[in-house]
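Let me begin by presenting the structure, written as structure tokens, before commenting on it.
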Amino acid sequence: MADERPVDYFAALDAADSLKTKADGPSGQLPLSDEILRQWTSGDLFGLTQSVGMGFDPRRVLGDQYLILSTQGGVRNPDGTPVALGYHTGHWEVGLLVQAAAEEIEAREGVPFAAFVSDPCDGRTQGTTGMFDSLPYRNDAAIVMRRLIRSLPQRKGVIGIATCDKGLPAMMMALAGTGHLANVLVPGGVTLPPTVGEDAGKVQTIGARYSRGEMTLEEASIAGCRACGTPGGGCQFLGTAATSQVIAEALGMTVPHAALAPSGQPIWTRMARDSAAAAATMHASGKNLRSVLTEAAFENAMRMHAAVGGSTNLLLHIPAIAAAAGVRRPTAEDFRRINREVPRFVDCLPNGPVGHPTVQLFLAGGVPEVALHLRNAGLWNGEVETVTGMTWNEILDAWETSPRREVCRERLRLADGIDPDDVIMSPTVAKQRGLTSTVCFPVGNLCPEGSVIKATSIDPSVIDQDGVYRKRGKARVFVTERDAIAAVKGQTDHPIEAGDVIVLIGRGPIGCGMEETYQITSALKYLSFGKEIALITDARFSGVSTGACIGHVGPEALAGGPIAKVRDGDVIEIEIDRNTLDGRVDLVESHDGISIAQVFTNRPPHPSLRLDESIPDDTRLWAALQQIGGGTWGGCVYDVNEIMRTLEAGQQALTRKAPNHD
């Protein structure tokens, strides 16, 4: 119960003399020179005053400045217990990484600065209107981060520390957008799975499974409590957070073997120190991040994404990072080509056949081990340079015989009884075990501009012997995620049943900010009958899905997409060829007997389709700006030149329409 005692806002202080009116200030003197006083700006000079005012040694204040920019959230006691909670475990411990990086900078006689731009939790906002701010937040955070970087005029480089779904892509965009500096990314790592219990992906389905009678109240209560084995780090599966960490390393933005390190452990804090050292070395050698983020680096990132079976949300983030770096944005055709060339050979949650947690992927060798296999297959650009100053070929040559590789892989064998080669397989072994390529881009009369499916996540039991997923089912149309999940949980008069095709519309960028429908896709994965249900939506989802979950449908319903014409009872056919990565999504029969041509020509959009009444104006503005910048397939970014041209054209059109009062 809340404490309802009244507050005396005007009580006297315990001791009047505790209220000070002046203080002595720092002792010593600034190491100024005639040249500094004559040539430096007043801002640079006052910055020195501010630094010693915060307690920094005035004798060292002229050292090279580095900004440690992180997504830290919450306030911790020295023993790690919470004073005030963060939004998620991913930013809860990153302050320790900030401290480790700062200590390394000081040891190199530099001057460390720290700033924080915290981030939301997609898991916490699933199914709520908070999700309407999720994807738009990424752009806003990147803008704020870049403003903070530019607001420290003397910085030589930035050590960017981030972990999770939106803060990490935003940090990558911010570092890429200030690529003339010595910038290095530090992934925030992962939380450990519980000794006994469910992983953080599966546990998000306790409500759906309980509602369907597939677990008891006690089982749900225990599972919900135990999922996070440790208090820091991203989730234990290859959702957006973990995949983004992997992609950052593949791009060369991190030191080697950085992605997916176990949060809070010595190997994790060492990474932060090594990253600070890399930034200082980069600056001393006259190099910067811009030389790292080349088209060849983005090719590597897409190949890594395919090999590990990463989240489809990276189809939004990789082009956005490329745009920030001033590099050609990868297209759907690029991803399609890469996924035809590169097989998946990593077995990590939520993909099978076993589904190892992310820490086991790290111990099996992580990104360097996957890159080693890709290089052996002729699928890796080894001459690309990384923030260490080493090329990937140099890194992989050293990795192959390194003590670190040997110790980590042996630890996985001894601690968990897992053969590292069962987590990261050779492509040949992976093919023998039935692993398939990651991403497919179906088209059809419901998605003429394309769509996305994580083909590797379709349950193998619903795939035909020729490797093709085929489904024909009746549509169940929903215009809100709340109504759809209620039907999945069996809480409506007409619950979702095996064989149904859920069609969720109006949830794209225009409708609500392109919410992530993880609570639906994860429920379908972990409900016993979920593999018999398909989902088609203009929204997005992360790494967990089954059956056939098809998202990013274009055009979205509110942009005139044909998916808006579907009604309950219409028959939809889906075909996904996991061998060729071809797919189609077609409306083949109407519930009212009219021809398909008449459906698309004469049938109006769904009568309940409308802009979500809860969408914030901030998100509406984001939706409009990113649409001009290329929309979903362009990474949902702001293309300033295109926006300016559009505004100018609009202003000219309005001027021409204005009445002439002369």
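Quick rundown of the values:
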| item | result |
| --- | --- |
| Antiparallel DSSP beta bridges within the chain, percent to nearest 5 | 40 |
| All aspartates and glutamates inside 16 Å of Lys657 as judged from Cα atoms, apart from same-chain residues fewer than 8 positions distant | Glu648 |
| Once exposed loop GluC sites (Glu not before Pro) are cut out (DSSP; at most 13 other Cβ, 10 Å), longest piece of the chain | 110-382 |
| Å² per residue, accessible surface of the chain at 1.4 Å | 43 |
| Under 14 Å, Cβ to Cβ, from Val501 - net charge with Lys/Arg +1 and Asp/Glu -1 | -1 |
| Unsatisfied cross-links (Cα-Cα over 31 Å) in the set Lys22/Lys156; Lys531/Lys565; Lys156/Lys454; Lys166/Lys471; Lys431/Lys565 | Lys22/Lys156; Lys156/Lys454; Lys166/Lys471; Lys431/Lys565 |
| 222 nm mean residue ellipticity, helices alone, for the chain (DSSP H n ≥ 4; -39,500 (n - 2.57); rounded to 500) | -11500 deg cm²/dmol |
| Within region 9-104, chymotrypsin sites (Phe, Trp or Tyr not before Pro) in DSSP loop having at most 11 other beta-carbon neighbours inside 10 Å | Tyr9, Phe10 |
| Folded to 0 to 90 degrees: helix 134-150 orientation relative to the chain principal axis, Cα | 20 |
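The values are calculated or read from the model by the stated rules, or taken from the named source; none is laboratory data. Given the structure is predicted, the values throughout are model-derived calculations rather than measurements. All Cβ positions, even for glycine, are placed from backbone atoms using ideal geometry, and neighbour counts span all protein chains on display. Accessible surface areas use protein heavy atoms only, side chains included; no ligands, DNA or RNA. Shrake-Rupley method; radii C 1.70, N 1.55, O 1.52, S 1.80 Å.
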